[in-house]
Amino acid sequence: SLEQEEAPAAVPHTAAKVQEQILTVQLSEIRSGNHFFFHIVGEETSQMIEESMKLFTSNNGTAGAPCDAKKGKVVASLFDGSWYRAKIIEKKGNKATVLYVDHGNIDTVSIASHLRPLDDGLGTDKIPAAAKEAVLALTEVRSTDDDDGLDAARMLQSIAWGKPLNVRTFCDVEGKLAVTLLDP
């Protein structure tokens, strides 16, 4: 008689292998002691989007305009007198919480005065987000609501902020790159 092999139980995949590489980066936002956003040093995308958004601000001024403020939509959001690409992550009444996709910071803004539609050629489907989201591989830290978690975030900032670093990428964990940080 033939023995039948049982199919292994389905295991949810939360990590996907990415090409291991070492990149020179600079942190653009720190969320916790092991969660941050970075820019790849010398990558043309950052420079191109920065110039494009300056032109967008020059062409459109700083007044908000009616736009489709749905969760997940990428729009232009006003920050410090300039427009930046932002993804709406939450909408409550006349306010929206947005993630600035080229920097990694989050803000809650007025829909009427601080959002406007983004030109078609500036969407993240045409130009990828300049900020890459990452977590330190194989580390776990407490929330920044906890004193120890806040200390961990401050330590990461004191060690890594404002200087070029090398990151080694290992895998993608739920949309975030798992990396190690190295001194160049």
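Dividing the convex hull volume of the Cα atoms of the stretch 95-184 by its residue count, what figure in Å³ per residue is obtained? Working shown, then result.
Numbers: hull volume 13.6 nm³, N = 90.
Looking at the stretch 95-184, the number lands at 151 Å³ per residue.
Could you work out what % of the accessible surface of the chain is carbon and sulfur, using a 1.4 angstrom probe and leaving DNA, RNA and ligands out of the count? Carbon-and-sulfur percentage of accessible area, whole number: 50. Under a model in which nothing but the beta-carbon of Lys, Arg (+1) and Asp, Glu (-1) is charged, the chain shows a dipole of about 760 debye around its Cα centre. Look at the dipole of the chain built from charges on Cβ: of 106, 63, 48, the Cα furthest out on the positive end belongs to 63. Summarised in one figure, the compactness ratio Rg/Rh of the stretch 18-71, Cα atoms and Kirkwood Rh, is 1.11.
Ignoring everything except DSSP H segments at least 4 long, calculate the 222 nm mean residue ellipticity for the chain; use -39,500 (n - 2.57) per segment, divide by total residues, nearest 500. Please report the intermediate quantities before stating the final value.
Working: 3 runs with 35 residues, N = 184.
Value at 222 nm, helices only: -6000 deg cm²/dmol.
Decide, for the chain, between rounded, prolate and oblate: order the square roots of the alpha carbon gyration tensor eigenvalues as a ≥ b ≥ c, take rounded if a/c falls under 1.5, and otherwise choose prolate if a/b is larger than b/c, else oblate. Here the chain falls in the prolate category.
Using 0.36 nm times the number of residues separating residue 68 and residue 183, minus their current alpha carbon distance, what extension gain do you get?
Numbers: separation 115, 0.36 × 115 = 41.40 nm, distance 4.33 nm.
Full-extension gain reported as 37.1 nm.
Say we join alpha carbon atoms closer than 10 Å with springs in a Gaussian network model of the chain; which of 98, 18, 167 then has the biggest fluctuation? Fluctuation is largest for 18. Could you state, as a whole-number percent, how many of the C-alpha pairs of the stretch 56-122 are farther apart than 14 Å? Across the stretch 56-122, Cα pairs with separations above 14 Å total 47 percent.
Between residue 107 and residue 172, the simple label model (points 7 Å from Cα in the Cβ direction) yields a spacing of 2.8 nm.
How high is the relative contact order of the chain, given as a whole-number percent (alpha carbon pairs under 8 Å, six or more residues apart)?
30
Taking the Cα centre of the stretch 138-184 as origin and assigning +1 to Lys and Arg Cβ atoms and -1 to Asp and Glu Cβ atoms, the resulting dipole is close to 340 debye.
The values are calculated or read from the model by the stated rules, or taken from the named source; none is laboratory data. Since the structure is predicted, the reported quantities are computational estimates derived from the model, not experimental observations. Don't worry about glycine lacking a Cβ; one is built from the backbone with ideal geometry, like all the others, and counts go over all protein chains shown. With ligands, DNA and RNA removed, areas are computed over all heavy atoms of the protein, side chains included. Shrake-Rupley method; radii C 1.70, N 1.55, O 1.52, S 1.80 Å.
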